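The values are calculated or read from the model by the stated rules, or taken from the named source; none is laboratory data. All values reported here derive from a predicted model rather than from experimental measurement. Because the Cβ atoms are built from the backbone with ideal geometry, glycine has one as well, and the counts that use them run over all protein chains shown. The area values use the complete protein model at the heavy-atom level, side chains included, leaving out ligands, DNA and RNA. Shrake-Rupley method; radii C 1.70, N 1.55, O 1.52, S 1.80 Å.
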Amino acid sequence: MLLSARSIAKGETNIIAKMANFCALIQSEFHFWWTGFYLVDNAMRQLIVGPFQGPLACMRIEYGKGVCGSAWKAQKTIVVPDVKKFPGHIACSEESKSEIVVPVFSGAEIIAVLDIDSDQLSTFDEIDQTYLEDLVRLLA
Ligand code: SME
């Protein structure tokens, strides 16, 4: 998958275009419940939904709220084996059972997060984390 991601990223400067095709790439390989990006709006102190694949999603998430807002605040990846056990989890869909949220950095600043939801428990581990962190590095 990283090889395909590299070829998507190569020569493309538009981050939204890359995000859109990264979502398509992840979904075509893994068929998760939902894969998408939330973009940081610093003025509003919110995340705003960006390119995604899957069912309708929450459009805005406050800083520090939910898994996405928490990963933004903590400035690190959060792996959630069971969303029901994550305090403040935002349920955009009842089908979502586990989740991983990976911050996208531009230098030292977080500009977006990648959020992947699974309809199975405990879908994501440290190996997914490592691969996805490598993947999002291709965006900046
Ligand atoms: N569950 C996320 C919200 C986004 S949706 O899953 C697409 C959260 O708690 O931040």
Open item on the list: Ignoring solvent entirely, what values of log10 I(q)/I(0) come out of the Debye formula for the chain at 0.11, 0.12, 0.14, 0.18 Å⁻¹ when each Cα is a single scatterer?
Closed with: -0.34, -0.41, -0.57, -0.98
Task: Net charge contributed by nearby residues that have their C-beta within less than 10 Å of residue 89 (K/R +1, D/E -1) - done: +1
Open item on the list: Could you give each residue of the stretch 55-71 its phi-based ³J(HN,Hα) in whole Hz, using Karplus coefficients 6.51, -1.76, 1.60 with θ = phi - 60°, and x for Gly or Pro?
Closed with: x, 3, 10, 4, 8, 10, 10, 6, 3, x, 9, x, 6, 5, x, 6, 5
Task: Charge context of residue 60, other residues only, Cβ under 13 angstrom, K/R +1, D/E -1 - done: 0
- [ ] Please work out the average accessible area per residue across the chain, using the 1.4 Å probe convention, and give it in Å².
- [x] 53
Open item on the list: With loop defined by DSSP as not H, G, I, E or B, and exposure as at most 15 other Cβ atoms within 10 Å, which is the longest segment of the chain clear of exposed GluC sites (Glu not before Pro)?
Closed with: 13-93
Task: Relative contact order, percent, the chain [alpha-carbon distance under 8 Å, six or more residues apart] - done: 24
- [ ] Run down the lysines and flag those whose C-alpha is under 28 Å from the C-alpha of residue 65, throwing out any fewer than 8 positions away in its chain.
- [x] 18, 73, 76, 84, 85, 97
Task: Of all accessible heavy-atom area on the chain, the percent that carbon and sulfur account for (1.4 Å) - done: 54
